[in-house]
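Visitor: Sharing a structure here in structure tokens format.
The values are calculated or read from the model by the stated rules, or taken from the named source; none is laboratory data. Worth saying up front: this structure is predicted, and the values here are computed from it rather than measured. Note: ideal-geometry Cβ built from the backbone for every residue, glycine included; neighbour counts use all protein chains shown.
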Amino acid sequence: MGRPGGISIRDWNKYTAVEGIAHASVDAIPACGHKLGTPSFQAKVLTTPIPLTPRQISAIIPGTPESGNDKVLVHTTFKGRIEELHWSIADPCDIAFAKVTDLRKVRKLISKHTSFIASTSAAERPAVGDIVEVKLKLDSTCQWNLQFGTYVAPVQHATATSSPQRKTCWSPMAVFKRNGNNAVWGNNRINDVLLTSPNVAEGKMIKGEELADLSAVVEEELTFWKGKKETDLGAYPSLEKYWNNVGETRSDRIRTAHWSAVFISYVVDQVDSAFEGSAAHAEYVENAKNGKGGWTQWAIKGDIVAQVGDILVYPRWDRESQTWGGHGDVVYKISGTSAYLAGGNLGGSAIGNIMVSVTSDGFYNITGDGITNSSNGTYFVILKKRGQQLPSTRS
């Protein structure tokens, strides 16, 4: 969902105006014409809770005297991450384990997350790494307010295995690999499906078949979705055609299920009917891994030519199923030193402003664990139509 206007999250530790803090306790807007689901979410605690001043408490909790904190409850604020809503922001590591050179980047990432207000006993205060239940409210545009939320209760306390064990900042891919032997993605272990992806040999490059006609197909879909959300009445016909394309006709599923994978499946299928799409990213990735429809899967390492039609995938933890999932975006345009990707079910819509860097000679800029996009997400697997290893032409 889009971040609402108002006080900037990054100014939380700077402002003194109590009106800003009181904004967190405004009741939900009742006149919304649609439902976004339950206001309860699970969040990961990113920062150590900081006590609120008496004046701040008085503004947030009416009736609380400004002379001091409640004798029973301790009122604090912390930054938290809701995976399904903060998907576009890279998951920051615990600052305590970050390298000195990483601190500025980590702090910046943390500042983009939601500030939560907690009223607990001193012994029950949440800690960094805990998974907690939180609640959000709706803003004036009927979107979830991602600036402020309320802590409800603990769900799972952080354990030794859930925090970094060395003084470094784990990237999302590092965490993904660390859990690869135990976590499941689709019908297979992560390592079996993804971490065994073939790498490009030294002196070689990966190049496939470009799907030039895909640009027009994606542009048409993006034009339709401009200014629209999945909950709009006029959105159903498009959602229906995406789902029908993979054989799903049940209206209840079409209206409520995640549709990012069927969006990719639909647009690619319009220019390549051999592509075996699916309602799950894991399944079409596995189909490509098995060579179905002439598609191939590669680890994002070495020299890889950027081409329209490439599907890039990054890992994502699904709190509901407690398994690793993924999200795929498709390259539909390359201009200068940028490749533009489109994806569905992002903020309740389809967007095409996701960018990754391309070299002047047409190769993806690959750093660390993969390709980082303009939203700080890291793609780790790439699917190409008839991808093959050829002698590298990289200068």
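Visitor: Of the residues that sit in the stretch 290-341 and are over 22 Å from the mean Cα position of the chain (by Cα) and small (Gly, Ala, Ser), which one is modelled with the lowest pLDDT?
Guide: Of everything passing the filter in the stretch 290-341, 302 is modelled with the lowest pLDDT.
Yes/no per residue for (1) surrounded by 16 or more Cβ atoms within 10 Å (Cβ to Cβ); (2) touching a Ser or Thr at 6+ places or on another chain (Cβ under 6 Å); (3) farther than 25 Å from residue 335 by Cβ:
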| residue | (1), (2), (3) |
| --- | --- |
| 249 | no, no, yes |
| 267 | yes, no, no |
| 287 | yes, no, yes |
| 291 | no, no, yes |
| 304 | yes, no, no |
| 310 | yes, no, no |
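Visitor: Being surrounded by fewer than 18 Cβ atoms within 10 Å (Cβ to Cβ) and either of a type in the set (A, V, I, L, M, F, W, C) or touching a Gly at 6+ places or on another chain (Cβ under 9 Å) (or both) narrows it down to one residue among 273, 260; which is it?
Guide: Only one candidate passes the filter, namely 273.
Visitor: Please determine, by comparing only the residues of the stretch 214-244 that are out of contact with any strand residue (DSSP E or B) (no Cβ under 7 Å at 6 or more places or on another chain) and of a type in the set (A, V, I, L, M), which one is farthest from residue 142 (Cα to Cα).
Guide: Checked the stretch 214-244; the qualifying residue farthest from residue 142 (Cα to Cα) is 216.
So that you can scan it fast, the table gives a plain yes or no per residue for (1) among the aliphatic types (A, V, I, L, M); (2) touching a helix residue (DSSP H, G or I) at 6+ places or on another chain (Cβ under 8 Å); (3) assigned to a helix (DSSP H, G or I):
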site	(1), (2), (3)
106	yes, yes, yes
110	yes, yes, yes
129	no, yes, no
133	no, no, no
140	no, no, no
151	no, no, no
154	no, yes, no
